[in-house]
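Dumping the structure here so I can ask a few things about it.
Taken together, the values in this text are just the output of simple stated rules run on the coordinates, not laboratory data. Note that this is a predicted model, so its numbers are computed, not measured. As a convention, Cβ positions derive from the backbone with ideal geometry for all residues, glycine included, and neighbour counts pool all protein chains shown.
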Amino acid sequence: MSRSNFGTIQYVSKGKYRVWWEDGRSTTGKRKRASKVVNGTMDDAELYLAKIRVGLVGCTEDMTYDELWAGKVQPSFERDGLATKTVENYERVWARELRPRIGCELVASTTCGRAEDVLREISSPWVQRSAYQLWKKMCNIAIRHKVRPDNPVDKYIKLDRLPKSGKRLLDVSEVAEWMERIRGIKYEAVLLAECGGGLRHEEAIALLKDDVSRLDHRGRLYAAVNVDKALVATRHGRELKETKNGFSVREGIVGEPFASRLLELAEGEGPLCPSGEPREPGEPWEARHYSSPISFTNNYRRWCERSGVEYVTPGSLRKSWSIMHGEAGSPDSLVSLAMGHSDGTTRGRNYQRATRRGMVMIADLLTDLITVETPSAHIGT
């Protein structure tokens, strides 16, 4: 049984805990106790008790971060209209990084030095920054409720430097987690085309939803991607143009775990990543209807920094795809053709005559490698 000054938690059975707390006094002055069975873990029960305490007693100087989170921080997310992805990132950072370190500490006792020490314990500089932003937000809420007079998580805290962008590659063992983290963001479909199909950034961002179609072969699902144009930044904005060379006009074959999600995102019409510019019915899709390559890259990088996701440039996603195929044992000539490179060898020309068969083969090799490296990933769903 777990006890606190406010209430107790009693184990009932697997996945069930009874939470007891003081609920005022009767007309005779006798203390009343209330209880509720909470389904879940001991952590869930403790958070429920913390929420009850804040609701009945209010915010006091002996409030812990667990109580602040349950009673004030979590409820503020819906009230403030935060995006679902932002809330999920906050909850992930709280559960994995901050709660194990500060959950039981008094909010009022935190100093700037303590905050810096805790944050420096987090190895990833991106996750450090996510934890910093969330902790700062929590302390601002504590200030509003007069739990503490100032915010110890301030701009003077020194965090680890971010590594230079462009050098980070995505390892095959990280694919499933990376896909989970980017799920639902505006840039997801383009990123999947780059990481799952090896497309150049200017090719992927130029894709229309009609360029992506379903392919079923021998019980496996693929996304067939028609690559025939590129979107490039110019001095006056952006423009659609032909691909880099004649070999770049091609059909890319994307296997799982990318294919099913890419096909889902490609339902409907218009660019995979639209700019939001209005279009009249029957009007052709023009460059202005697509997200700008520069704004795409800048906005995605900023999203990574806010969300604690390590930033891998679009070009590095394409390079990661190539390296993963090397690890999967895919023939170099097929990988080269899939990437839109010219291959003047006899073997390359012969492979080009049977492109779809070869592209399906290397897509299968990559799928199998990801399955082996991330057995918990949902391959082929």
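Calculate the FRET efficiency for residue 323 and residue 210 from the Cβ-Cβ distance with a Förster distance of 35 Å, rounded to the nearest 0.05. Please list the in-between numbers first.
Numbers: r = 31 Å, r/R0 = 0.87.
Efficiency, from the Cβ-Cβ distance: 0.70.
Quick check on my link table: of 186/241; 16/146; 16/136; 137/158, which ones sit more than 26 Å apart, alpha carbon to alpha carbon?
Pairs exceeding the cut-off: 16/146; 16/136.
Which residue, chosen from 339, 300, 281, occupies the Cα position most advanced towards the positive end of the dipole of the chain, where the dipole is computed from +1 (Lys, Arg) and -1 (Asp, Glu) charges on Cβ about the Cα centre?
The Cα lying farthest towards the positive end belongs to 300.
Given points 7 Å out from each Cα along the Cα-Cβ axis, report the residue 82 to residue 217 separation in nanometres with one decimal.
It works out to 4.4 nm between the two label points.
In Å and on Cα atoms, what radius of gyration and Dmax does the chain show?
My reading of the Cα-based Rg and Dmax gives 26.2, 97 Å.
Cα to Cα, under 17 Å, and not fewer than 8 places away if on the same chain: which aspartates and glutamates meet these conditions relative to residue 319?
Cα-Cα hits under 17 Å: 171, 174, 194, 202, 203, 310, 327, 332.
What FRET efficiency do you get for residue 104 and residue 13 if R0 is 25 Å and r is their Cβ-Cβ distance, rounded to the nearest 0.05?
Numbers: r = 26 Å, r/R0 = 1.03.
That pair, residue 104 with residue 13, gives E of 0.45.
When the distances between all Cα atoms of segment 43-183 are binned every 10 Å from zero, what whole-number percent does each bin get?
11, 39, 34, 13, 3, 0
Take the Cβ-Cβ distance between residue 30 and residue 306 as r, set R0 to 41 Å, and report the resulting FRET efficiency rounded to the nearest 0.05.
Between residue 30 and residue 306 the formula returns 0.20.
How much length is gained if the chain between residue 174 and residue 145 is pulled fully straight, taking 0.36 nm per residue apart and subtracting their Cα-Cα distance, in nm to one decimal?
Values: separation 29, 0.36 × 29 = 10.44 nm, distance 4.07 nm.
Extra length from residue 174 to residue 145 when fully extended: 6.4 nm.
For the chain, what does the helix formula give at 222 nm: sum of -39500 (n - 2.57) over DSSP H segments with n ≥ 4, over the residue count, nearest 500 deg cm²/dmol?
-12500 deg cm²/dmol
So, one more: Once the convex hull of the C-alpha atoms of segment 172-373 is built, how many Å³ does it hold per residue, rounded to a whole number? Could you put the intermediate results ahead of the total?
Numbers: hull volume 25.0 nm³, N = 202.
With only Cα atoms used, segment 172-373 gives 124 Å³ per residue.
Can you tally the net charge around residue 214? Count Lys and Arg as +1, Asp and Glu as -1, for every other residue whose Cβ sits under 11 Å from the Cβ of residue 214.
Overall, the nearby charge balance is -3.
Separate question: Measuring from label point to label point, each 7 Å out along Cα→Cβ, what is the residue 332 to residue 280 span in nm?
Between residue 332 and residue 280, the simple spin-label model gives 5.3 nm.
About its Cα centre, how strong a charge dipole does segment 172-373 have in debye, to the nearest 20, once Lys and Arg get +1 and Asp and Glu get -1 at the Cβ?
On the way: 27 positive and 30 negative charges, 93 e Å.
Dipole magnitude for segment 172-373 comes out near 440 debye.
Compute, for segment 91-191, the length of the dipole vector about the Cα centre, with Cβ point charges of +1 (Lys, Arg) and -1 (Asp, Glu) only. Units Debye, rounded to 20.
360
Right, another one. What's the magnitude of the charge dipole for the chain around its Cα centre, counting Lys and Arg as +1 and Asp and Glu as -1 at the beta-carbon? Answer in Debye, nearest 20.
Roughly 1100 debye for the chain.
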